[in-house]
1. So which pairs qualify, if the first residue must be in region 14-28 and over 16 Å from residue 94 (Cβ atoms), the second must be assigned to a helix (DSSP H, G or I), the Cβ gap must be under 9 Å, and the two must be at least 6 apart or on different chains?
2. What residue, of 84, 55, 76, is within 19 Å of residue 171 (Cβ to Cβ) and without any contact (Cβ under 8 Å) to a residue 24 or more places away in the chain?
3. Could you count how many residues in region 38-67 are over 19 Å from the mean Cα position of the chain (by Cα), assigned to a helix (DSSP H, G or I) and not aliphatic (A, V, I, L, M)?
4. Taking residue 136 as meeting all but one of (1) in contact (Cβ under 8 Å) with a residue 24 or more places away in the chain; (2) under 24 Å from residue 58 (Cα atoms), write down the number of the exception.
5. Just give me the residues in region 42-84 being under 20 Å from residue 150 (Cβ atoms) and either in contact with a helix residue (DSSP H, G or I) (Cβ under 8 Å, 6 or more places away or on another chain) or crowded, with 19+ Cβ neighbours inside 10 Å (or both), in sequence order.
Amino acid sequence: MASGGFPATGQVVNIVTGTDVALYRGVRGRTGHPVIQGASKALSFVGEHGGVFLATGLVGAAVDKDRRGQWLRATATIATAHVASMALKRVVRRPRPDFEGLEPLVRTAGRHSFPSSHSVSAAASVVAFRGLVPAKVTVPTAVAMGFSRLVVGVHYPTDVIGGAAMGAAAAAMGRSWSQRATSVPKGI
């Protein structure tokens, strides 16, 4: 063990990578229907830089004056999660999928794949918008957004799963901070 690492690490990485590629190819090979591809392209467009989620938060803040602060904090949380995902991409630098015969259906803002920033923003919206937007809307939207990243061919499954985990965790931290920052201790 000259490298000083664990001997099984390389095997685990190979298994995960092989599974990731197999799932990617499987999804791409079974989602050629024009309706699926069209919906996935549309989700890709509206989800770029968290756009649909940020717009939802800003519209919510504009029309729901009683909860404007909640809407704005939720929107800031989603924006922060998205920016953090973009920074992490520059650290990890995982290349996007590139397989002959499986060209991407959309252009991307960058060339790095992990994590999926669309998935980060979508999962962050589920947590950040809790109590503002019903889960029956946010959860299916987040799942569809994540799946669409595979359909359009710009992410591996682990990019999407990692992005969803990052988005949910970041938003949970944001909500916790926001609740502490806006609560007034008793006796003051």
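1. Sorted first by the residue in region 14-28, then by its partner, the pairs are 27/147; 27/150; 27/151; 27/157; 28/150; 28/151.
2. Details: 84 fails: without any contact (Cβ under 8 Å) to a residue 24 or more places away in the chain; 76 fails: without any contact (Cβ under 8 Å) to a residue 24 or more places away in the chain.
Of the residues listed, the single one that is within 19 Å of residue 171 (Cβ to Cβ) and without any contact (Cβ under 8 Å) to a residue 24 or more places away in the chain is 55.
3. Of the residues in that region, 5 qualify.
4. So residue 136 meets the others, but not (1).
5. 43, 44, 46, 47, 48, 49, 50, 52, 53, 82
Bear in mind these aren't lab numbers, they're just calculated from the coordinates by the rules spelled out. Since the structure is predicted, the reported quantities are computational estimates derived from the model, not experimental observations. Positions of Cβ are generated from backbone atoms using ideal geometry, with glycine treated the same way; all protein chains shown enter the neighbour counts.
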